[in-house]
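Take a look at the structure below.
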Amino acid sequence: MREKDVVAWGSMISGFCQSRKFREALDYFGKMKVDGGVRPDSDIMSSVINACTGLENVDSGCVIHGYVIKSGLHQDVYVATSLVDMYSKCGFLGMAERLFSDMHDKNLVAWNSMISSYCRNGLPDQSIKLFSRIIQHGFYPDSISITSVLTAVSSTAALLNGKIIHGYVIRLEIESDIHLENALMDMYFKCGFLKYSEYIFQNMSQKDLVTWNCMISGYGSHGNCIEALSLFNEMKSSGIKPDDVTFLSLISSCNHAGLVDEGHKIFQSMRAEHGVEPKMEHYVNIVDLFGRAGRLDDAYNFVKSMTIEPDRRVWLSLLCASRTHLNVELGELAAHYLLKLEPDRGSNYVQLLHMYGDAELWEKAANIRATMKEKGLKKTPGCSWIELRDKVDVFFSGDSSSMRTVEIYEILHSIGKHMEKEGGDSEIMETI
DNA sequence: TTAGGGTTAG
């Protein structure tokens, strides 16, 4: 009878987790303990940890972790993997790493969990390294290992690694699924190999919302807005309903291509035609869209018409646009709201500082510098990278440590001149 | 009658 009780509680708790009612799952766990007489097993503890992950509540997770240790269930591979997942999704990578290395009987799921943990926490190289250790430890990667490591490859844009992994899938005859194909397609896009992405897309036996979103954003980020818009129509005809990601990709694509009215029209159609509620990200993109095109009045009127309270990104976007198109009055207004929300981020002041510099308002610029110094603020430098001859080169904004700095700037200058002749983007010119 | 890992934007 007692065993049945455990099963009954377990069914309730996991049922709540599956329907994403994490709060209720934790409440039931609480009730179970109060009612007494039932010792939770590893299944229940995995579900309970899963509920903490879903709530992104690391405090509850720590309490549960303590409980797990006391009840001796921390050695269980299911429970330990749930903990690795919970800590990494809450941003505590160190804890996840420690638990992973302490696991005695790591199975493939545990390895996969750690591979995605690294990538999720901004260490894609570690993720790729760990992947290559799977086989050394006697496991064959499955579709989930591949999907996870492909995500890591995508974020480093390391095409060679991506191709090697694609090779694994073919040689080891790893059973593919839609997640893997989506990740593969996205990886080729991110590494600039559009033809491969298209090939995979065309040959997919089934396409889901993520498939379409990957394609639309892939085209958009490579400046092919027309193709992105035509895919959107195709997607609708195929019966897949667009979501907030679809719209963000479309608006950002219009943004890159300078199709201002088209982008705004798409934004307006979100709620009216598709029943998708715009989020802050969509608002930010529209402000950016108007701002980039120099339509500052439209940008500001749009901010004033927002139905949700604008956050820092909205004001920052307006400030950057005001700087680019030298509208000091609007820039100061945007900066006022921005600094009210976030007074301690260096990059906010830097935008304002540059605007004053561009407008030759030296006294105001000096005041901003003084404030920054007083607050001890610095801006984190921008960074980009490229893979050439199997090696990834990283560049930091303003970095002059390279032996070939002079040469680099000479080439940049000549590209700038060339662009000027061709009537290029004034913002890029200014950067050069 | 129950358990752990994966894909899309900016």
Inspect all residues belonging to the range A:51-66 and state whether any of them is assigned to a helix (DSSP H, G or I), within 15 Å of DNA strand B (Cβ to nearest atom), within 22 Å of the chain's Cα centre (by Cα) and crowded, with 24+ Cβ neighbours inside 10 Å. yes
Residue among A:D243, A:D298 that is of a type outside the set (K, R), modelled with pLDDT of 95 or more, more than 8 Å from DNA strand B (Cβ to nearest atom) and not assigned by TED's automatic domain parsing to the domain that holds A:A183: A:D298
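Determine whether the range A:88-97 contains at least one residue that is farther than 27 Å from A:W212 by Cβ, near DNA strand B (Cβ under 7 Å from one of its atoms) and not basic (K, R).
No, the range A:88-97 contains no residue that is farther than 27 Å from A:W212 by Cβ, near DNA strand B (Cβ under 7 Å from one of its atoms) and not basic (K, R).
It is to be established whether one or more residues within the range A:188-203 are in contact with a His (Cβ under 8 Å, 6 or more places away or on another chain) and within 10 Å of DNA strand B (Cβ to nearest atom). Give the derivation first.
Keep residues of the range A:188-203 that are in contact with a His (Cβ under 8 Å, 6 or more places away or on another chain), which gives A:189, A:192, A:194.
Then keep just the ones that are within 10 Å of DNA strand B (Cβ to nearest atom); that gives A:189.
Checking the range A:188-203: at least one residue is in contact with a His (Cβ under 8 Å, 6 or more places away or on another chain) and within 10 Å of DNA strand B (Cβ to nearest atom).
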List pairs: first residue in the range A:262-282 and more than 16 Å from A:F232 (Cα to Cα), second residue at pLDDT 95 or above and of a type in the set (V, I, T) anywhere in the structure, Cβ distance under 7 angstrom, at least six positions apart or on different chains. A:H282/A:I251
If you go through the range A:120-141 one residue at a time, how many are crowded, with 18+ Cβ neighbours inside 10 Å, under 13 Å from A:Y168 (Cβ atoms) and of a type outside the set (V, I, T)? 2
Among the residues of the range A:340-365, which ones are in a helix (DSSP H, G or I) and free of Cβ contacts under 8 Å to residues at least 12 places away in the same chain? A:K340, A:G357, A:W362, A:E363, A:K364
Selection status of A:A257, among the small types (G, A, S), away from DNA strand B (no atom under 13 Å from the Cβ), free of Cβ contacts under 8 Å to residues at least 60 places away in the same chain and buried (at least 17 other Cβ atoms within 10 Å of the Cβ): no
Out of the residues in the range A:5-22 that are exposed (fewer than 13 other Cβ atoms within 10 Å of the Cβ) and more than 7 Å from DNA strand B (Cβ to nearest atom), which is modelled with the lowest pLDDT? A:A8
The correct count of residues that are surrounded by 14 or more Cβ atoms within 10 Å (Cβ to Cβ) and over 17 Å from A:K241 (Cβ atoms) in the range A:193-216 is 8
Within the range A:23-37, which residues are touching a residue at least 24 places away in the same chain (Cβ under 8 Å) and either surrounded by fewer than 18 Cβ atoms within 10 Å (Cβ to Cβ) or near DNA strand B (Cβ under 10 Å from one of its atoms) (or both)? A:R23, A:G37
Determine the pairs where a residue that is among the small types (G, A, S), located within the range A:288-305, has a partner that is within 16 Å of DNA strand B (Cβ to nearest atom) and not in a helix (DSSP H, G or I) with Cβ atoms under 7 Å apart, the partner being 6 or more residues away or on another chain. A:A293/A:G258
Between A:K364, A:K379, which is farther than 28 Å from A:N161 by Cβ, modelled with pLDDT under 65 and not assigned by TED's automatic domain parsing to the domain that holds A:P124? A:K379
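The values are calculated or read from the model by the stated rules, or taken from the named source; none is laboratory data. Note that the structure is predicted; figures quoted are calculated from it, not measured. Methodologically, a virtual Cβ is constructed for each residue, glycine included, from the backbone with ideal geometry; neighbour enumeration extends over all protein chains shown.
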